[in-house]
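The values are calculated or read from the model by the stated rules, or taken from the named source; none is laboratory data. Here the structure is a predicted model, which means the values were calculated and not measured. A quick note on method: Cβ atoms are made from the backbone with ideal geometry, for glycine too, and the neighbour counts reach across all protein chains shown. For accessibility, only protein heavy atoms count, side chains too; no ligands or nucleic acids. Shrake-Rupley method; radii C 1.70, N 1.55, O 1.52, S 1.80 Å.
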Amino acid sequence: MQARNVMVTPVVTVKPSATVQEVAARFLESKISAAPVVDDTGKLVGIVSEGDLLHRVEADTERRRSWLLRAFTEADTLAAEYVKSHGRRVSDVMTRTVITAAPETPLHEIATLLEKNAIKRVPILENGQLVGVVSRANLLQAVASARPLLDVTPSDTMIRDRILASLRAERWAHIASLNVTVTDGVVDLWGLADSKAERKAIKVAAETTPGVRAVNDNMVTFSGGGWT
């Protein structure tokens with residue numbers, strides 16, 4: 001699946017000139033937690049989220065440090081925090097460096113972007129224009145709405161071949177010591193696993209193969225002084 005298959009569109013956006021109070025009200029009204037910031041030409045110039053409004057003077061939640069911590073905090077940091085808590089416009093509080101992706105970006109790459117950059121959403125740009133947003137929630141929706149890959153039950157031979165093929169593609173799998181048998185969709189795993197982690201991963205690979213009804217783990221793993 002690609003970003004275009006799960007992205008939210010049209011996107012609720014705000015202007016850099018909007019006030020912080022207006023944005024807070026927009027979040028509540030639209031039941032959203034962030035919004036891309038676009039200029040008058042529709043160009044993405046930033047993103048503003050609940051996190052940007054967390055420490056605000058209006059709510060008496062601005063950051064407070066002891067005099068000792070303030071003494072060791074750089075002046076530029078204190079100044080930036082003051083702008084965040086007291087600035088009146090979106091342009092004062094928004095995040096200007098925005099991680100983006102294209103509509104054809106695979107979802108596994110979107111997930112990596114979210115995890116690697118510790119962010120909750122990725123604006124989707126096409127030809128420089130904002131066309132959608134993919135959030136962590138959208139990825140969860142893709143998982144929840146997943147459908148079986150096949151409507152026709154594959155044969156036992158086909159199931160076995162698919163399990164072994166998927167394991168051959170994984171660097172952690174040592175299939176030279178593994179045997180797989182399939183009877184009426186029930187998989188039996190036999191052989192040696194180098195670790196508990198590999199053993200579990202092999203079982204998961206079998207369980208998630210289309211057509212598998214159950215998996216029996218008959219493998220053994222070397223642990224400490226012997227095989228278990």
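Considering the convex hull of the alpha carbon atoms of the chain, report its projected area averaged over all viewing directions, in nm², one decimal.
Working: hull surface 78.7 nm².
The directionally averaged projection comes out at 19.7 nm².
For region 1-62, what Kirkwood radius comes out of the mean inverse Cα-Cα distance, in Å? List each step's numbers first, then the result.
On the way: mean 1/r = 0.0775 Å⁻¹.
Evaluated over region 1-62, this radius sits at 12.9 Å.
Given a Förster distance of 45 angstrom, what is the FRET efficiency for SER33 paired with MET158, based on the Cβ-Cβ distance and rounded to 0.05? It would help to have the intermediate numbers written out before the result.
Numbers: r = 45 Å, r/R0 = 1.00.
According to the calculation, E is roughly 0.50.
Rank these residues by their accessible area, most exposed first, probe 1.4 Å: MET7, MET94. Numbers along the way, then the final one.
Values: MET7 40, MET94 20 Å².
The residues order as MET7, MET94, largest area first.
Given the Cα-Cα distance of GLU170 and LEU69 and 0.36 nm per residue of separation, how much length would full extension add, in nm?
Details: separation 101, 0.36 × 101 = 36.36 nm, distance 4.93 nm.
Roughly 31.4 nm would be gained on extension.
Below 12 angstrom from the Cβ of GLN21, what's the summed charge of the other residues (Lys, Arg +1; Asp, Glu -1)?
Surrounding charge for GLN21 is +2.
Taking the Cα of ASN127, stepping 7 Å toward and past its beta carbon, and measuring to each backbone N in region 23-48: which are under 15 Å?
Residues 42-43 qualify, since their backbone N sits under 15 Å from the label point.
Rounding to the nearest 10 and keeping the result within 0 to 90°, find how far the Cα-based axis of helix 20-30 lies from the longest principal axis of the chain.
40 degrees
Positive end of the charge dipole of the chain (Lys, Arg +1 and Asp, Glu -1 on Cβ, about the Cα centre): tell me which of VAL38, TYR82, LEU189 has its Cα farthest that way.
Highest projection toward the positive end goes to TYR82.
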